[in-house]
Amino acid sequence: MREPGHRLRLLIAPDSFKGSLTSVEVARAIATGWLRARPGDSVRLAPLADGGEGTLVAIGAAGGWSRREAEAHDPLGRPVRAGWLARDDGTGAFVEMATASGLSLVRPSELDPIAATTRGTGDVLRAVLDAGIRDIALGIGGSATTDGGAGLLRALGADVSDDLSAVSLAGLDPRLGEVRLRIACDVTNPLLGPDGAAAVYGPQKGATPELVATLDARLAGFADALEAATGRRERGTPGAGAAGGLGFGLLCLAGSFASLRLEPGIDLVMAEAGFDRALAAADLVITGEGRIDQQTAFGKTAMGVARRAQAAGVACVALGGGVTPDGIEALAAVGAVAVPVSEGPGSVEAAMAAGTGPLERCGERVARLVGLAR
């Protein structure tokens, strides 16, 4: 960090506190608290996400993007206006699957894992193509679907039978051959079996044990048909089970695109939000997420930010709604300091209901600590 007498250049780059606050709300709360203690510092907000629900808001907050909407279908086939982002210079787009095919669009009483379709995500991709954009990033978290991407294929011109056992790609949109598609995916599950899309993620989408078996069998038939149609075997590829098998469907179509690849969600979002440029101009970065624990070591947002900060020689502090010794150790290994937001004993429910106040006060405490060191 800079010598005393210089104002600090602070970058605030948290993830959401899931179930409580968006990444934008978290970043603003930390900034509010920080500036109470150090009003002369330069503060830049760079809220982050992992490609799931809320990613459009996080990327849009970085600037340089315009929000657009597409006429689409929700997971149950109902009309919905789904948002997506276009770069202001028209060179790229970001699509969030959750805006059209997300679990949040379906009430618990409506969950129907057999009927739920990815058609809406295909509708949005078609709208992006119609806008003339060919460089597309796609976040596939938070889906309500387990159709292997069959609905998306249909929206893009493929012919898929109702039981998913037959596929023809003769009508597939030829514009896909011009598209460079990057997919934000943090899931490594295969398509089928005990670690597959239906078994691992089906229950949260409404699948009973009996329906899980039905869904897995249906996906197996779809895999046979789509792999035969494309000449690619992707059912066991890490990430094939992402978003109810959408990862598989897209991987099989890789030969129909100019390029297609799966990328860790946080890395893709950082690239789209211009994080590295912002980090290069910072003296200190504050990140954070709802819980910093043993899972933090496996690529969660706080770890992604901490690693980049270490590589750039920038000090890093990570705020966690909950912080465990394993999380502290994981971040310390890359030179970052974990700080709990909680102000005393209490339930998770109470912490989630507390709003932005604890984050503001935590931001203020960290700012005052930095002041002592300067």
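Observations on the model:
Yes/no matrix, rows are residues, columns are (1) crowded, with 19+ Cβ neighbours inside 10 Å; (2) of a type in the set (Gly, Ala, Ser); (3) farther than 17 Å from Ala229 by Cβ; (4) touching a residue at least 12 places away in the same chain (Cβ under 8 Å):
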| site | (1), (2), (3), (4) |
| --- | --- |
| Asp159 | no, no, no, yes |
| Glu178 | no, no, yes, yes |
| Arg182 | yes, no, yes, yes |
| Leu191 | yes, no, no, yes |
| Ala198 | yes, yes, yes, yes |
| Pro209 | no, no, yes, no |
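- Scanning region 351-374 for residues that are modelled with pLDDT under 95, under 26 Å from the mean Cα position of the chain (by Cα) and among the small types (Gly, Ala, Ser) returns Ala351, Ala353, Ala354, Gly355, Gly357.
- All conditions but one from (1) hydrophobic (A, V, I, L, M, F, W, C); (2) assigned to a loop (DSSP other than H, G, I, E, B); (3) over 24 Å from the mean Cα position of the chain (by Cα) apply to Ala207; the one that does not is (3).
Rundown of residues vs (1) farther than 30 Å from Gly171 by Cβ; (2) in contact with a strand residue (DSSP E or B) (Cβ under 6 Å, 6 or more places away or on another chain), yes/no style:
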position	(1), (2)
Asp224	no, no
Gly244	no, yes
Ala254	no, yes
Ala258	no, yes
Ala282	yes, yes
Phe298	yes, no
Ala306	yes, yes
Gly321	yes, yes
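- Top-ranked residue of region 267-292 - restricted to ones that are open to solvent by 10 Å² or more (accessible area, probe 1.4 Å) and part of a helix (DSSP H, G or I), ranked as farthest from Thr55 (Cα to Cα): Ala280
- Where a residue in region 231-258 is of a type in the set (D, E, K, R) and its partner, wherever it lies, is assigned to a loop (DSSP other than H, G, I, E, B) and open to solvent by 10 Å² or more (accessible area, probe 1.4 Å), with Cβ under 9 Å and at least six apart: Arg235/Pro190; Arg235/Leu192
- When each of Asp186, Asp163 is tested for being at pLDDT below 95, part of a loop (DSSP other than H, G, I, E, B) and open to solvent by 30 Å² or more (accessible area, probe 1.4 Å), the lone residue that passes is Asp186.
- Meets criteria (at pLDDT below 95, surrounded by fewer than 16 Cβ atoms within 10 Å (Cβ to Cβ) and farther than 23 Å from Asp276 by Cβ) for Val323: no
- Answer residue from region 97-124, given it is under 16 Å from Arg68 (Cα atoms) and open to solvent by less than 10 Å² (accessible area, probe 1.4 Å) and is modelled with the lowest pLDDT among those: Ala98
- Filter result for Leu251 (among the hydrophobic types (A, V, I, L, M, F, W, C), out of contact with any helix residue (DSSP H, G or I) (no Cβ under 7 Å at 6 or more places or on another chain) and crowded, with 21+ Cβ neighbours inside 10 Å): yes
- Picking from residues in region 21-52 that are hydroxyl-bearing (Ser, Thr, Tyr) and out of contact with any strand residue (DSSP E or B) (no Cβ under 7 Å at 6 or more places or on another chain), the one that is nearest to Pro264 (Cα to Cα) is Ser23.
- Test result for Ser109, without any contact (Cβ under 8 Å) to a residue 12 or more places away in the chain and either in a loop (DSSP other than H, G, I, E, B) or on the phi < 0 side of the Ramachandran plot (or both): yes
- Qualifying strands (runs of 3 or more DSSP E) (wholly inside region 17-94; at least 2 residues being open to solvent by less than 30 Å² (accessible area, probe 1.4 Å)): 65-73, 79-87
The values are calculated or read from the model by the stated rules, or taken from the named source; none is laboratory data. If you're wondering where the values come from, they're calculated on a predicted model, not measured in any experiment. Cβ sites come from the backbone with ideal geometry, for glycine too, and all protein chains shown count toward neighbours. Surface accessibility is based on the protein's heavy atoms, side chains included, excluding ligands, DNA and RNA. Shrake-Rupley method; radii C 1.70, N 1.55, O 1.52, S 1.80 Å.
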